[in-house]
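Values quoted throughout were computed directly from the atomic coordinates according to the rules given, and no laboratory measurement underlies them. None of these values were measured; they are calculated from a predicted model. Don't worry about glycine lacking a Cβ; one is built from the backbone with ideal geometry, like all the others, and counts go over all protein chains shown.
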Amino acid sequence: TTYTHNFDTDAFKGTVTINTGLFINGEWVDPVEESTIDVFNPATGQLITTVAAGGPKDIDAAVNAAQKAFKTGWGLNTPGTVRGRLLNKLADLLEQNLETFAALESLDTGKVYNKAKAMDLGLSLSVLRYYAGWADKVQGKTIETTENKLAYTRHEPYGVCGQIIPWNSPMIMLSFKLGPALATGNTIVLKPSELTPLTALKFAELVVEAGFPPGVVNIVNGYGPVAGQAISEHPKITKIAFTGSTLTGRKIMKASAESNLKVVTLELGGKSPTIVFDDADLDQAVKWAAFGIYFNMGQACTAGSRIFVQESIYDKFLEMFTARTQELTERIGDPFASGTEHGPQVSQVQFDRVMAYIESGKSEGAKLHIGGERHGETGYFIKPTVFTECTRDMKIVREEIFGPVCAIMKFKTEEEVIEVANDTTYGLGCNVFSENINRAIRVAHALEAGSAWVNCSQAGDAAVPFGGYKQSGIGRELGEYAIHTCVHTTPVLIGG
Ligand code: NAD
C-alpha cells in the first residue's frame, strides 16, 4: 500500500509517495497480525495517513532476515570498502532527495521546513558520509605481551542490532544509529517512533536503491510497548541502541537484561543548564540561550531549560530574553510558510503534557513571565514560555518538560551556580557564557554533563561524541566513539 502527499506550500511544491508497509528483508510486507498507526499533522491536528504497525512476529521475521544477511551477505564477508561505498551511495541519494525528506519530516513532526532542511537533513547527511569514511578504517592494534607473545585485536561487529528512535528528530536519530552500525558490518532492525513513521519509510527506498543486500537494513514501524518491547526481548539481537525517555530506557535495559544480556546504549532525557555570567557577551548569550530552549519547540533532549543568570545582569538579560521570546511568538505558524520560526508540538499528548507543566509552574508559585498559552485554534502550538521566581524544588525546574518552557533563575557566585546546576538526576548538556575563558573552561569542567557548550549552544558534528552523564544515558554516539559501541574488541594471542 502506498500513500501520496501533494505538497503545495510556500516552501515546497511536489508530490511524494511512500510505501506504508513494513520493510523486511528488502521487501514491503504487511504485518502478520493486522495493526495500524494513525499519523497526524501536528500543525492542523488532521490525519495524514495510516501506516502498518508491526508486532512480535514481524520483529521476529526482521531479525531472522537481519541474521541471515549478517551471516551471508554482510558482516565479516563484505569488505569495509564495499560498505563505505554503499553508505556513500545512500548519502548521495539522500542529498538528491533532501527537499523531499525535509518536507516529509516537517509534515510529520511540525518542524519548520527550512530548519528541517538545513539542520536535520544537513546533519543526517553529514553523519552518513562521516561513517562511510570510517567503514574501511576500523583497525585493531598489535600488542606485545609480557611473555613475549604477540597479540592483536580485531573489531568484530555484534551481529543483529536493534535500534529504537524517538519522534523529535527522526532523520537525525536514524542516521546516528545506522551510520556507525552499518560501517562496522552489523545488520539492523530499526523501529521509528509511532508518532513520526514517515521519513524512515521513504528512507527504506533509498536503502534498496543504494544496493544494500536484503535484510541488512529492516525498518519496522510499530508501537513502543509492542514492537519496541519485542526488539528489547529478542534473543537473537545482540546490541540495542535507544534514544528516548529515561523511563523507556529503563524498560529496555530491563528487558535486555532478562532476555539475553544485550549490549545497551541509551540516549535519554535531560534538564540542561544555561549559565550566564556577568562578563558574558550579552547579545550572544541571549541569542544562544533562546536557541538552546526554543530550538525545535523545546523538543530537544539537550534543551537548555534551566537558565541561571548572575544577579548584576539579571534584569538586563531578562529584558533582552523576553524581547527575543516575543519576536519568536510573533513568528509562530505553519511550518511551511515563509517567515515562520516556531511550529507546533508534535502531538496532542505532548501538547497536553507541556500545558500541564505550565499549570504546575503556576500552582507551585513560579511567576509566569511571558507565554504559557496555546497559539491558534487548531494544531498543537504553544507560545514560547518563560517562568521567573522559580525554586529548585519545583517540578518545572526538576523534570524534563520537552516543550518551549524555561525557568530563569538568579545566582550570585560561581560555586553556588555549579552546585545548583548539578542538582539534577540528568546530565546531558550544559551551556556556559563568559568572556573569561579560564572561568568558562573551569565551569564547563565542573558541570556533570555529557556535552558542554561554551558561548554557543546545541552545536553538533558527526565527528564529535555525544551522550549523557547520570540518567541521561549510557555510551556515546557520533565520532570514533560510536564505532566502538558497535563492535566487539577481540584479541588473538599467538603462542609458540
Ligand atoms: P519514548 O521513550 O516514549 O519513545 C522513544 C521510542 O521508544 C519510540 O520509538 C517508542 O515507540 C519506543 N518505546 C516506547 N515504549 C517502549 C518499550 N516499552 N519498549 C521498547 N520501546 C519502547 O520517548 P519519546 O517521547 O519518543 O521521545 C522523547 C524523549 O526522548 C525525551 O525524554 C527526550 O529527552 C529523549 N531524547 C533523547 C535524546 C538523546 O540523544 N539523549 C534525543 C532525542 C530525544
(Q) Students often forget the sequence filter, so: which aspartates and glutamates lie under 14 Å Cα-Cα from Lys57 once same-chain residues fewer than 8 apart are removed? (A) Asp30, Glu33, Glu34, Glu233
Q: Please provide three numbers in whole Å: the alpha-carbon extents of the range 362-464 along the principal axes, with the largest listed first.
A: 48, 35, 26
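Using a cut-off of 12 Å between beta-carbons, work out the net charge of the residues near Ala66 (Lys and Arg +1, Asp and Glu -1, Ala66 not included). Walk me through the intermediate numbers first.
Numbers: positive: Lys68, Lys71, Lys236, Lys239; negative: Asp60.
So the environment of Ala66 carries a net charge of +3.
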Q | Cα-Cα separations in the range 10-66 greater than 14 Å, expressed as whole percent | A | 64 percent
Q.
Quick one: the Cα spread of the range 67-201 along its three principal axes, in angstroms, biggest first?
A. 62, 27, 25
Q: Could you size up the charge dipole of the range 312-421 around its Cα centre, putting +1 on the beta carbon of Lys and Arg and -1 on that of Asp and Glu, and report it in debye to the nearest 20?
A: 120 debye
**Q.** Distance from the range 332-389 to the range 123-159 (C-alpha centre basis), Å
**A.** 46 Å
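To make sure I understand, if each residue's beta carbon is the centre and we count other beta carbons within 10 Å, what order do Val207, Val127 fall in, fewest to most? Could the numbers behind the result be given before it?
Values: Val207 23, Val127 27.
Least to most surrounded, the residues fall as Val207, Val127.
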Q) With each run of n ≥ 4 DSSP H residues scored as -39500 (n - 2.57), what mean residue ellipticity at 222 nm is computed for the chain after dividing by its residue count and rounding to the nearest 500 deg cm²/dmol? A) -11000 deg cm²/dmol
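The range 289-365: which trypsin sites (Lys or Arg not before Pro) are DSSP loop and have at most 16 other beta-carbon atoms within 10 angstrom? Intermediate values should be presented prior to the final figure.
Details: sites: Arg306, Lys316, Arg324, Arg331, Arg353, Lys362; in loops: Arg331.
Filter output for the range 289-365: Arg331.
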Q: Label the chain by shape, choosing from rounded, prolate and oblate, from the square roots a ≥ b ≥ c of the eigenvalues of the Cα gyration tensor; if a/c is under 1.5 it is rounded, and otherwise prolate applies when a/b is larger than b/c, oblate when it is not.
A: oblate
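So how do Ile172, Ile231 line up by other beta-carbon neighbours within 10 Å, fewest first?
By the 10 Å Cβ count, ascending: Ile172, Ile231.
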Q. What residue among Ser363, Asn114, Leu478 has its Cα farthest toward the positive end of the dipole of the chain, where the charges are +1 on Lys, Arg and -1 on Asp, Glu, each on the Cβ?
A. Leu478
Q.
Over the Cα atoms of the range 409-493, each weighted equally, I'd like the Debye log10 I(q)/I(0) at q = 0.14, 0.21 Å⁻¹, rounded to two decimals.
A. -0.57, -1.03
Q: Order by neighbour count: Ser232, Ser106, Ser256, fewest other Cβ atoms within 10 Å first, most last.
A: Ser256, Ser232, Ser106
Q. Rounded, prolate or oblate: which one fits the range 70-120, using the alpha carbon gyration tensor with axes a ≥ b ≥ c (rounded when a/c is under 1.5, else prolate when a/b beats b/c, else oblate)?
A. prolate
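Once you list every other residue whose beta carbon is under 12 Å from the beta carbon of Val226, what net charge do they have if Lys and Arg are +1 and Asp and Glu are -1?
Working: positive: Lys57, Lys191; negative: Glu33, Asp58, Glu194, Glu233.
Around Val226, the charge tally is -2.
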Q | Candidate aspartates and glutamates for bridging to Lys410, where Cα separation is under 13 Å - those fewer than 8 sequence places away on the same chain excluded | A | Asp278, Glu311, Asp315, Glu389
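Could you work out the local net charge near Gly429, counting Lys and Arg as +1, Asp and Glu as -1, over the other residues with Cβ closer than 15 Å to its Cβ? Show your work: numbers first, answer last.
Working: positive: Lys271, Arg306, Lys470, Arg476; negative: Glu267, Glu400, Glu448, Asp461, Glu477.
Neighbourhood net charge equals -1.
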Q: Quick one: dipole size for the range 1-157, taken about the Cα centre, charges +1 on Lys/Arg Cβ and -1 on Asp/Glu Cβ, in debye to the nearest 20.
A: 780 debye
**Q.** Per DSSP, loop GluC sites (Glu not before Pro) in the range 1-90 with at most 14 further Cβ within 10 Å
**A.** Glu33, Glu34
Q.
With unit charges on the beta carbons (Lys and Arg positive, Asp and Glu negative) and the dipole taken about the Cα centre of the chain, which residue among Thr340, Leu206, Leu150 sits farthest to the positive side?
A. Leu150
**Q.** Magnitude of the charge dipole, the chain, Cβ model with Lys/Arg +1 and Asp/Glu -1, debye to 20
**A.** 1240 debye
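With 20 Å as the limit, write out which pairs from Lys141/Lys177; Lys362/Lys383; Lys383/Lys412; Lys287/Lys395; Lys111/Lys202; Lys13/Lys115 have Cα-Cα distances beyond it, or answer none. Display every interim value, and only then the final one.
Values: Lys141/Lys177 25 Å; Lys362/Lys383 16 Å; Lys383/Lys412 30 Å; Lys287/Lys395 26 Å; Lys111/Lys202 17 Å; Lys13/Lys115 17 Å.
Listed pairs above 20 Å: Lys141/Lys177; Lys383/Lys412; Lys287/Lys395.
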Q. Along its principal axes, what span do the Cα atoms of the range 1-114 show, with the longest given first and each in whole Å?
A. 48, 37, 20
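What is the antiparallel percent of DSSP beta bridges lying wholly in the chain, to the nearest 5? List each step's numbers first, then the result.
Values: 35 of 72 bridges.
Within the chain, antiparallel bridges account for around 50 percent of the total.
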